[in-house]
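Peer 1: Please read through the structure below; I'll follow up with questions.
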Amino acid sequence: QVQLAESGGGLVQAGGSLRLSCAASGRTFSNYDMGWFRQAPGEEREFVVGISRDRVIYYADSVKGRFTISRDNAKNTVYLQINSLKPEDTAVYYCAARYSRAWNGRTVGDYAYWGQGTQVTVSS
């Protein structure tokens with residue numbers, strides 16, 4: 001089992017920045033691919049960005065250029081830096097993990113472990 005705990009969400013004005021963190025425990029973090037998803041009210045959970053065990057990064061087209069993912073295996077933590085926030089970025093952001101695979105995980109079904117989510121609200 002892998003336990004995930006997100007933090008760093010909050011209320012921010014449009015144009016601002018946030019850094020979300022996801023702390024993992026339970027297994028060898030470096031063996032896992034990690035992903036960030038988000039879910040806006042009334043919408044399905046959508047893929048945002050992923051980082052593989054080997055630090056290959058893959059973004060959703062909608063967030064390229066504003067979102068940056070990174071991982072610190074020594075701290076068992078993955079980060080999501082969000083810049084130039086827009087009101088449409090308002091959502092609950094979820095961290096996800098899966099034992100490393102050969103393909104990029106871009107769907108909810110690709111990941112076995114999930115955090116509880118952290119709310120990001122962007123005011124205009």
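Peer 1: Filter segment 92-124 down to residues that are among the hydrophobic types (A, V, I, L, M, F, W, C) and over 16 Å from Arg19 (Cβ atoms) and give me whichever is farthest from the chain's Cα centre (by Cα).
Peer 2: By that ranking, first place goes to Ala102.
Peer 1: Separate question: Go through the residues of segment 74-88 one by one and say whether even a single one is open to solvent by less than 50 Å² (accessible area, probe 1.4 Å), in contact (Cβ under 8 Å) with a residue 60 or more places away in the chain, under 12 Å from Cys22 (Cβ atoms) and not charged (D, E, K, R).
Peer 2: There is at least one residue in segment 74-88 that is open to solvent by less than 50 Å² (accessible area, probe 1.4 Å), in contact (Cβ under 8 Å) with a residue 60 or more places away in the chain, under 12 Å from Cys22 (Cβ atoms) and not charged (D, E, K, R).
Peer 1: Looking only at segment 89-124, filter to residues that are outside any strand (DSSP E or B), in contact (Cβ under 8 Å) with a residue 24 or more places away in the chain and small (Gly, Ala, Ser); which one of those is surrounded by the fewest Cβ atoms within 10 Å (Cβ to Cβ)?
Peer 2: Looking at residues that are outside any strand (DSSP E or B), in contact (Cβ under 8 Å) with a residue 24 or more places away in the chain and small (Gly, Ala, Ser), I get Ser124.
Peer 1: Another question about this same structure. Could you check Arg38 against (1) open to solvent by 50 Å² or more (accessible area, probe 1.4 Å); (2) closer than 20 Å to Gln3 by Cα; (3) part of a strand (DSSP E or B); (4) not aliphatic (A, V, I, L, M) and say which number it fails?
Peer 2: (1)
Peer 1: Among the numbered criteria (1) in contact (Cβ under 8 Å) with a residue 40 or more places away in the chain; (2) open to solvent by less than 70 Å² (accessible area, probe 1.4 Å); (3) of a type outside the set (D, E, K, R), which one does Gln3 miss?
Peer 2: (2)
Peer 1: Follow-up. Hey, any hits in segment 2-11 for a residue that's under 19 Å from Thr107 (Cα atoms) and in a loop (DSSP other than H, G, I, E, B)?
Peer 2: Yes: one or more hits.
Peer 1: Taking the condition crowded, with 22+ Cβ neighbours inside 10 Å and more than 11 Å from the chain's Cα centre (by Cα), does Asp54 pass? Working first, answer last.
Peer 2: Details: crowded, with 22+ Cβ neighbours inside 10 Å: no; more than 11 Å from the chain's Cα centre (by Cα): yes.
No, not satisfied.
Peer 1: Please go through segment 12-24 and give me each residue that is open to solvent by less than 60 Å² (accessible area, probe 1.4 Å) and assigned to a strand (DSSP E or B), ordered by number.
Peer 2: Val12, Leu18, Leu20, Ser21, Cys22, Ala23, Ala24
Peer 1: Give segment 57-69 a look and list any residue that's open to solvent by 50 Å² or more (accessible area, probe 1.4 Å) and farther than 20 Å from Val108 by Cβ, or say none.
Peer 2: Passing the criteria: Lys64, Gly65, Thr68.
Peer 1: Further, regarding this structure: If you scan segment 25-35, which residues turn out to be assigned to a strand (DSSP E or B) and open to solvent by less than 30 Å² (accessible area, probe 1.4 Å)? Give the derivation first.
Peer 2: Initially, segment 25-35 is screened for residues assigned to a strand (DSSP E or B), giving 25, 32-35.
Answer for segment 25-35, where residues must be assigned to a strand (DSSP E or B) and open to solvent by less than 30 Å² (accessible area, probe 1.4 Å): Tyr32, Asp33, Met34, Gly35.
The values are calculated or read from the model by the stated rules, or taken from the named source; none is laboratory data. Source: prediction; values computed, not measured. When we count neighbours, we look across all protein chains shown, and the Cβ atoms used for this are built from the backbone with ideal geometry, even at glycine. Please note that ligands, DNA and RNA were not included when accessible areas were found on the heavy atoms of the full protein model with its side chains. Shrake-Rupley method; radii C 1.70, N 1.55, O 1.52, S 1.80 Å.
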